[in-house]
Amino acid sequence: MKMIPRFKLILEPQSEEARNVAEFKWAGKEIGTRHQLGGEPGFLQDASWPACPSCHKKMTFYGQLDSIGDDVCLADCGMIYVFVCFDCYTSTSFVQSN
């Protein structure tokens, strides 16, 4: 299994509408800042590492996207996790919540 080095992703709103969406009024300060590519996933629940549906090898963690604000909140401040198989070029994703 290939390991991708960790990259921190920083949100940069590109419009006034995006600036208004990218904030929480009720969640903790770390919520909305957990976006990343590579490294180890920051699972919110039990580790759920998928196998490729084609070759059945353990997939590579590609990245995670956090909830971004009160109006774009994933299942109670959850995150989307993305995994890829570099042999078959398939991907899978799922959501976990706090």
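The values are calculated or read from the model by the stated rules, or taken from the named source; none is laboratory data. Small disclaimer: the values here were computed from a predicted structure and weren't measured. So basically every Cβ, Gly included, is an ideal-geometry build from the backbone, and we count neighbours across all protein chains shown.
Please enumerate the residues belonging to segment 30-47 that are in a loop (DSSP other than H, G, I, E, B), surrounded by 14 or more Cβ atoms within 10 Å (Cβ to Cβ) and aliphatic (A, V, I, L, M).
Scanning segment 30-47 gives 31, 44.
Just the residues that are loosely packed, with under 11 Cβ neighbours inside 10 Å and modelled with pLDDT under 85, please, taken from segment 7-29.
25, 26, 28, 29
Any residue in segment 22-51 that is more than 20 Å from residue 12 (Cβ to Cβ) and free of Cβ contacts under 8 Å to residues at least 60 places away in the same chain sitting within a Cβ distance under 7 Å of a residue that is part of a loop (DSSP other than H, G, I, E, B) and small (Gly, Ala, Ser)? List the pairs, counting only those 6 or more apart or interchain.
44/78; 44/97
Do we find that residue 34 is modelled with pLDDT of 95 or more and within 13 Å of the chain's Cα centre (by Cα) in this structure?
Considered against the rule, which asks whether it is modelled with pLDDT of 95 or more and within 13 Å of the chain's Cα centre (by Cα), residue 34 comes out as no.
Would you say residue 88 is surrounded by 17 or more Cβ atoms within 10 Å (Cβ to Cβ), in contact (Cβ under 8 Å) with a residue 24 or more places away in the chain and not aliphatic (A, V, I, L, M)?
Criteria not met by residue 88.
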